[in-house]
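Here the structure comes first, spelled out in structure tokens, and everything after it is commentary.
The values are calculated or read from the model by the stated rules, or taken from the named source; none is laboratory data. Quantities reported herein were computed from a predicted structural model and do not represent experimental measurements. All Cβ positions, glycine included, derive from the backbone under ideal geometry; neighbour counts span all protein chains shown. To get the accessible areas, we keep the full protein, side chains included, count just its heavy atoms, and leave off ligands, DNA and RNA. Shrake-Rupley method; radii C 1.70, N 1.55, O 1.52, S 1.80 Å.
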Amino acid sequence: MSVDYAVVIPTVGRDSLRVVLDALEHGDGPPPREVIVVDDRPDPGPLPPTHSARVLRTGGRGPAAARNAGWRAACCEWIAFLDDDVVPPRDWKQRLTADLARLGLDVGASQGRITVPLPADRRPTDWERGTAGLADARWITADMAYRRAALVHAGGFDERFPRAYREDAELALRVQARGYRIVRGDRVTTHPVREAGFFASLRQQRGNADDALARRLLGPRWRELMGGAPGRLRWHAATTASGAAAVLCGFLGWRKAAWAFGGAWAGLTGWFAAQRIAPGPRTRDEVARMVVTSVAIPPAACWHRLRGEVRHRGVPVAGRTRRVVPVADALDRLRTTARETGKAWEAAKAPAAGAARRTGEPRQAEPAPGAGKARGTAGQQRAGNASAAGKARGNGRAREVGPGSGSARDTGSGSGRAQR
């Protein structure tokens with residue numbers, strides 16, 4: 001039974017691409033329907049002889065975008081991804097088709113077995129040990145064949161991962177979440193250790209920004225789900241904080257505190273360097289490289305992780321629900337609250353207004369406590385004045401009666417004597 005497959009190779013123009021293309025062109029086994037080389041350099045240049053391969057260009061958007069462009073351009077049932085720095089054996093095509101032919105529809109991908117050759121005459125360096133970890137890594141696309149339907153259902157690689165780091169494991173988890181299985185095949189592919197510069201391990205710290213995205217997409221257990229080794233970010237943060245505190249205290253003149261924090265920084269840095277030096281060849285060059293990069297790696301790791309957290313802050317954290325209240329809903333709630341408050345205020349004023357309407361006239365104010373006494377005193381004064389006026393009128397009438405009147409003698413005897 002023939003297998004319908006295509007091969008997609010993202011590249012940045014390495015010379016090792018020639019080895020991969022030669023193995024596909026001249027190797028044993030059923031040939032792929034097509035080979036697609038995706039040149040992901042920002043400024044594309046010449047490539048090694050590509051034979052009959054089709055060349056696409058993505059302009060430096062990263063391996064995830066390059067692989068997406070490749071598999072979407074192919075129409076085969078299976079898409080086999082190879083890195084441009086691996087060495088497929090001569091019978092790789094034969095072994096690949098044998099792996100794929102026996103898979104059921106529930107299998108979404110078949111992973112090749114990776115071997116990393118290490119020097120036999122000495123201990124491996126830090127860089128070589130890091131590359132050797134690919135042999136045990138889950139779901140790496142150095143040699144990985146995906147069923148095209150699984151890629152369609154999962155949506156392909158997440159292009160927010162700009163490096164060849166975490167993007168392959170994250171896709172595998174999404175594929176399995178949609179009900180597909182991922183199995184290991186019997187084919188074997190060699191992944192040599194590339195040459196690396198003095199600061200290669202320092203440049204790798206840029207992957208901490210991708211760790212921030214992986215944490216948000218997969219939740220707190222993202223390392224466990226991806227099968228990665230425990231990270232050292234907390235130790236790097238403690239080392240960086242100790243060094244910064246030592247510098248700050250020294251600037252402020254706090255010598256004892258500066259010495260204490262400086263000692264903590266030196267101890268943590270020395271411990272980190274020793275862990276990297278011990279399993280290596282311990283040559284002068286390797287020791288110098290480990291010491292220098294062990295000083296620089298902690299702050300670089302913290303910086304890249306912080307940069308990743310800021311860059312991907314809008315990505316919701318898996319397993320955590322965020323309640324977002326739109327602005328329009330908030331304004332509606334404020335308007336509703338204002339209307340309810342106004343109605344309550346009107347209801348409170350209604351009883352007083354109704355009582356005033358029932359009486360028909362305004363209520364008179366009750367007199368002050370001393371007002372009654374004042375009115376009584378004024379009434380007594382008016383009564384006294386009236387009595388005095390009456391007596392005066394009586395005296396006048398007595399004078400008019402005449403001297404013989406008894407009233408005159410009784411009431412005004414003095415006046416009667418004067419008249420006589």
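Listed here are the helices (runs of 4 or more DSSP H) enclosed by the range 13-113 that have at least 2 residues being more than 24 Å from VAL188 (Cα to Cα) and touching a residue at least 40 places away in the same chain (Cβ under 8 Å): 63-73. Exactly one residue among ALA209, ALA318, ALA273, ALA246 is open to solvent by less than 50 Å² (accessible area, probe 1.4 Å), at pLDDT 95 or above and either closer than 18 Å to ARG166 by Cβ or not in a helix (DSSP H, G or I) (or both), and that residue is ALA209. Select from the range 103-119 the residues that are out of contact with any helix residue (DSSP H, G or I) (no Cβ under 8 Å at 6 or more places or on another chain) and open to solvent by less than 20 Å² (accessible area, probe 1.4 Å) and list them in ascending order. Once the filter is applied, which keeps residues that are out of contact with any helix residue (DSSP H, G or I) (no Cβ under 8 Å at 6 or more places or on another chain) and open to solvent by less than 20 Å² (accessible area, probe 1.4 Å), the range 103-119 yields VAL107, GLN111. Filtered by the rule that a residue be of a type in the set (Phe, Trp, Tyr), surrounded by fewer than 21 Cβ atoms within 10 Å (Cβ to Cβ) and under 22 Å from ARG174 (Cα atoms), the range 120-161 gives a lone residue, TRP139. One residue stands out among those in the range 212-243 that are among the small types (Gly, Ala, Ser) and surrounded by fewer than 19 Cβ atoms within 10 Å (Cβ to Cβ): the one that is modelled with the lowest pLDDT, which is GLY228.
Which of the residues that make up the range 249-262 are surrounded by 14 or more Cβ atoms within 10 Å (Cβ to Cβ) and assigned to a helix (DSSP H, G or I)? Before the answer, list the steps.
Just the residues of the range 249-262 that are surrounded by 14 or more Cβ atoms within 10 Å (Cβ to Cβ), to begin with: 249-250, 254, 257-258, 260-262.
Selection gives CYS249, GLY250, ALA257, ALA258, ALA260, PHE261, GLY262.
Taking the range 42-67 as the range and being basic (Lys, Arg) and within 23 Å of LEU171 (Cα to Cα) as the test, the residues that pass are ARG57, ARG61, ARG67. Residues that are surrounded by fewer than 18 Cβ atoms within 10 Å (Cβ to Cβ), under 21 Å from ILE9 (Cβ atoms) and modelled with pLDDT under 95 within the range 163-196 comprise ARG163, ARG194, GLU195, listed in sequence order. I'd like to verify a number: residues in the range 202-246 that are among the basic types (Lys, Arg) and farther than 29 Å from ALA288 by Cβ, how many? Selection size over the range 202-246: 4.
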